[in-house]
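The values are calculated or read from the model by the stated rules, or taken from the named source; none is laboratory data. Note that this is a predicted model, so its numbers are computed, not measured. Note that each Cβ is placed from the backbone with ideal geometry, even for glycine, and that neighbours are counted across all protein chains shown.
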Amino acid sequence: MDLMTLSVMFTSLLGEVQNEDVMRSLELMGKGMLGIFIVMVLIFLVIVILNKATKKKD
Amino acid sequence: MNEFSFLTDGVQYIIEHPNMLVMWLIGGILIWLAIKKDYEPALLLPMGFGAILVNLPLPGVIGDENTVGIVKWLFEVGIEASEAFPLLLFVGIGAMIDFGPLLSNPRMLLFGGAAQFGIFLTVTVAVLLGFPLVDAMSIGVIGAADGPTSIFVSKVLNSSYMGAIAVAAYSYMALVPIIQPAAIKLVTTKKERMIRMPYNPAQVSRTTRILFPIIVTLIAGLIAPQSASLVGFLMFGNLIRECGRLEVLSQTAQGPLANLITIFLGVTIAFQMQADQFLNWGTLLVMLLGLVAFMFDTIGGVLFAKLLNVFLPKDRKINPMVGGAGISAFPMSARVIQKMALKEDNQNHLLMHAVGANVAGQIGSVVAGGIILSFGQIFGMIG
């Protein structure tokens with residue numbers, strides 16, 4: 001039984017679950033977490049470079 | 001006697017709208033939590049009083065067809081028109097944060113990312129419960145563990161649950177000392193909680209401290225443009241703090257500015273706590289989902305630390321509890337981790353590591369908010 005079938009079978013307290021919304025929320029989860037990690041890794045690299053570049057000068 | 005009917009009109013109004021009495025009770029509970037339990041009193045008290053204030057007979061503080069009440073005006077100007085209140089509060093928060101522990105140990109940034117997992121999981125859970133995606137995305141941001149971000153995102157997405165989201169965000173932040181230990185113990189062993197981490201901070205130059213807020217703003221603004229205002233105002237506050245030339249402004253941002261905004265933010269948010277909007281099953285579910293978000297944020301951070309440990313040499317293992325500090329509730333989460341570490345081993349001092357992860361969480365949460373908004377734009381929810 002795939003996710004789509006499960007979600008169609010599921011009727012919540014607030015109303016029917018929208019299949020399209022489920023798929024979009026999963027897309028958001030995958031791409032969102034990836035996006036955060038990309039930003040964090042970039043900031044990490046910036047800090048490492050800044051720390052190295054300014055170590056002796058200051 | 002009819003000329004004295006104005007004395008009883010208000011009572012008559014309340015009898016006709018008994019839901020308002022429930023909101024008075026909710027307002028009373030929030031005030032009680034603020035005063036008696038010391039749960040985020042700076043926000044819960046104004047929100048509690050505001051909940052009573054906005055549930056009085058009209059026009060009251062809301063207004064009617066002919067007038068605009070003060071709370072409605074504050075909401076329209078301070079939040080609806082420009083999201084000014086939460087953003088201005090970010091200037092104050094930025095001025096309060098010392099990114100030093102993060103700059104000297106930048107790998108903590110990864111936990112600030114991992115501990116946002118609860119946000120995205122909660123969006124999916126909310127959708128499965130039947131919330132429209134736009135509301136689910138707003139509800140998920142409760143997991144940012146950051147009140148202003150939750151308010152900002154739910155406003156931009158125009159969620160009808162903004163009041164409940166704000167109440168949940170601030171209530172659960174106050175409950176971090178209860179939620180986090182439970183979540184951490186669920187996914188760690190005693191042995192893992194006893195891992196020691198020596199603290200040897202690298203020296204951080206002033207140049208780095210000054211360039212950091214500028215570069216973070218550039219990176220976040222380029223990758224997630226919707227986060228520019230959130231990250232930008234946070235980092236602007238931090239730049240005022242770190243530049244070394246604006247001590248008076250820094251103190252003003254940390255103190256009077258943050259305090260002034262805080263006083264009015266709670267009452268203004270209460271505009272969304274009018275009985276007819278607030279009292280529904282959705283509100284109860286929002287409160288429940290907020291707990292899910294906080295729990296899985298913590299679990300996300302902890303599990304990510306455990307994953308890293310698989311690849312790290314024995315002497316450089318990370319205490320997985322530090323990962324849990326990657327949520328944004330600063331500095332409460334770091335203190336919770338320190339307390340838990342000392343409880344397991346009274347010589348294990350994790351505070352500075354946890355503070356590093358915690359301030360990384362502050363960045364992670366605003367970036368997550370920006371990413372949610374970017375997707376809101378992609379999905380056609382934002383005009």
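For the reader, a short list of remarks on this structure follows.
- Among the residues of segment B:327-367, those that are under 20 Å from B:ASP146 (Cβ atoms) and not in a helix (DSSP H, G or I) comprise B:ILE327, B:SER328, B:ALA329, B:PHE330, B:PRO331.
- Test: residue in segment B:373-380 that is over 20 Å from the mean Cα position of the chain (by Cα), within 14 Å of chain A (Cβ to nearest Cβ) and either part of a loop (DSSP other than H, G, I, E, B) or within 17 Å of B:ALA293 (Cα to Cα) (or both): yes
- Residue match in segment B:349-365 (condition: among the β-branched types (Val, Ile, Thr), in contact (Cβ under 8 Å) with a residue 40 or more places away in the chain and within 11 Å of chain A (Cβ to nearest Cβ)): yes
- Failed criterion for B:TYR39 (all others in (1) under 16 Å from B:ALA166 (Cβ atoms); (2) of a type in the set (Phe, Trp, Tyr); (3) modelled with pLDDT of 90 or more hold): (3)
- The helices (runs of 4 or more DSSP H) falling completely within segment B:155-241 that include 1 or more residues that are under 25 Å from the mean Cα position of the chain (by Cα) and away from every other protein chain (no Cβ under 14 Å) map to B:162-174, B:176-187.
- Qualifying residue in segment B:127-145 (condition: within 11 Å of another protein chain (Cβ to nearest Cβ), at pLDDT below 90, under 26 Å from B:THR217 (Cβ atoms) and outside any helix (DSSP H, G or I)): no
- Inside segment B:78-106, residues that are assigned to a helix (DSSP H, G or I) and more than 7 Å from every other protein chain (Cβ to nearest Cβ) make up a count of 19.
- For segment B:164-202, the set of residues classified as surrounded by fewer than 18 Cβ atoms within 10 Å (Cβ to Cβ) and closer than 18 Å to B:ASP146 by Cβ consists of B:PRO177 only.
- Of all residues in segment B:95-134, those satisfying the criterion of being among the small types (Gly, Ala, Ser) and surrounded by fewer than 24 Cβ atoms within 10 Å (Cβ to Cβ) are B:GLY100, B:SER104, B:GLY130.
- Residues that are surrounded by 16 or more Cβ atoms within 10 Å (Cβ to Cβ), within 21 Å of B:ILE31 (Cβ to Cβ) and of a type in the set (A, V, I, L, M), drawn from segment B:245-263: B:ILE261
- Members of segment B:27-77 that are touching an Asp or Glu at 6+ places or on another chain (Cβ under 9 Å) and among the small types (Gly, Ala, Ser): B:ALA34
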